[in-house]
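Single-structure report; data block below.
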Amino acid sequence: MDLATLWYLTIGTLLVAAAMTLWERQAHARRSRELGIWTAAYVVFALGCLLAMSRTLLPGVSGPALTNVVMLLGYLLVLHGVLLLDGRSLRPALAAGFLVAIGAAWFTAGAGWANLLWNHASAFPIAVLSALTALALFRSPMAQGLRSRLLAVVVFACHGLTYAVRSFVVPVIVSAHGDSVLPIVAKLTMYEAVLFTMTMPMALIALVREEDRARLLKNVRTDFLTGLNNRQGFFELGPECLRRDGEKASHALLAFDLDHFKAINDTHGHDVGDQVLKLFAGIARDAAGHKAVCARLGGEEFALLLPGASVDEARKIAEAITWRFTEAAARSDGLAMAATVSVGLVETIADRVDLSELLAAADRALYKAKLLGRNRIELAEPVRIAAAA
């Protein structure tokens, strides 16, 4: 495949990527700005390719200089879109100054240095911007936990490495073997460019799609009123959390039921009842810590899974929650009402934990707490589950 064909193939790939990203933009309103910027970047890249093919038609170094500046503008737009994923951005003045400096460097060097700049030096800024994009994706809080993050990082890191080789290694090879290697380098660069223009849009779109899927999955698992996990979230995330702490011999589960909640709704109205639920959810979340799985199972029933916690640690957390909830609800500047909660506590000593069995045991202890007068913590017998064969 000759060089001109590779240029046309790259342009076609970029235009397809622009159309594909623009189409994807309609389905992801939250990321429409980023997708729009990437679409513009692909169009700019395609324009840069056209300029590169006709650069010799322009006087002096204006052709390669303009081509280099336009290409770098495309890389800056891609980096800007990646930064926007986390609410950051490139400063327009800084980006404009960078492009002006690159253009000035070309015209200052003049025609005598044009081949050196085109074949080697111009690759260095591309390598730097690609590396910065890979680093931004690697450190992106938005992309943490997404499978496509690694693909996107590898795509930009490999592209940056390719241009670093062209900038630093190829000159050494040329000095040893002469300019005859330059056409080979140009073809290899174009082959890599075709691969890059195919994989880059797919990787960035995959990030946006996966983020959207994770957000929808979180919504499905989340209780709308309290922001805690719902029953589905509890039974999906709970086992994952226990597996992460599988080396711990002990786990604890707390089951909560707000006392006389129907009377609160009947007396004060459902708006106040919702405030009571949100108040308890906030206190439980804060007291449990980030490792716990806290859920509203339905109505006024809540559950708190404490991986790696002993029965004494779980009891202290339950006591803190019940005391803080009663004290907060009674404040005159808040709900100004008497509100208490009953708690069932169960500990498991097991190599393999059945969350349904744990919750059933905690519910039995909770039922006992309500029978004995409410506003108390009752401990169930430890659940012992045999290890899987």
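The values are calculated or read from the model by the stated rules, or taken from the named source; none is laboratory data. All figures in this text were calculated on a predicted structure; none of them were measured in a lab. Note: ideal-geometry Cβ built from the backbone for every residue, glycine included; neighbour counts use all protein chains shown. In case anyone asks, the SASA skips ligands and DNA or RNA and just uses the protein heavy atoms, side chains included. Shrake-Rupley method; radii C 1.70, N 1.55, O 1.52, S 1.80 Å.
Details
- Filtering segment 303-315 to residues that are under 10 Å from Leu253 (Cβ atoms) and surrounded by fewer than 17 Cβ atoms within 10 Å (Cβ to Cβ) leaves nothing.
- Filter result for the condition that a residue is outside any helix (DSSP H, G or I), open to solvent by less than 80 Å² (accessible area, probe 1.4 Å) and of a type outside the set (D, E, K, R), over Gly145, Gly97, Gly103: Gly145
- Members of segment 106-140 found to be surrounded by fewer than 17 Cβ atoms within 10 Å (Cβ to Cβ), at pLDDT below 95 and not β-branched (Val, Ile, Thr), listed by number: Phe107, Ala109, Gly110, Ala111, Gly112, Trp113, Asn115, Leu116
- Ala318 open to solvent by less than 80 Å² (accessible area, probe 1.4 Å), small (Gly, Ala, Ser) and either within 17 Å of Ile377 (Cα to Cα) or without any contact (Cβ under 8 Å) to a residue 12 or more places away in the chain (or both): yes
- From the list Ser89, Ser32, the one residue that fits, being in a loop (DSSP other than H, G, I, E, B), small (Gly, Ala, Ser) and free of Cβ contacts under 8 Å to residues at least 24 places away in the same chain, is Ser89.
- Of the residues making up segment 283-297, just one is out of contact with any strand residue (DSSP E or B) (no Cβ under 6 Å at 6 or more places or on another chain) and open to solvent by less than 20 Å² (accessible area, probe 1.4 Å), namely Ile283.
- Selected residue (only one of Ala338, Ala350, Ala295 is at pLDDT 95 or above and among the hydrophobic types (A, V, I, L, M, F, W, C)): Ala295
- Taking residues in segment 182-202 that are under 17 Å from Leu129 (Cα atoms), and partners anywhere that are of a type in the set (S, T, N, Q) and open to solvent by less than 30 Å² (accessible area, probe 1.4 Å), the pairs with Cβ atoms closer than 7 Å and at least 6 places apart or on different chains are Ala193/Thr10; Thr197/Thr10; Thr197/Thr13; Pro201/Thr21.
- Cβ separations smaller than 7 Å between residues 6+ apart or across chains give the following pairs from segment 69-84 residues that are without any contact (Cβ under 8 Å) to a residue 40 or more places away in the chain to residues that are open to solvent by 20 Å² or more (accessible area, probe 1.4 Å): Val69/Leu99; Val69/Ile102; Val70/Val44; Val70/Leu47; Val70/Leu51; Leu73/Val44; Leu73/Leu99; Gly74/Val44.
- Here segment 1-58 is the region considered, the condition is being open to solvent by less than 60 Å² (accessible area, probe 1.4 Å) and of a type in the set (D, E, K, R), and the residue that is farthest from Val78 (Cα to Cα) is Glu24.
- Any chance Ala114 is in contact with a Phe, Trp or Tyr (Cβ under 7 Å, 6 or more places away or on another chain) and in contact (Cβ under 8 Å) with a residue 40 or more places away in the chain: no
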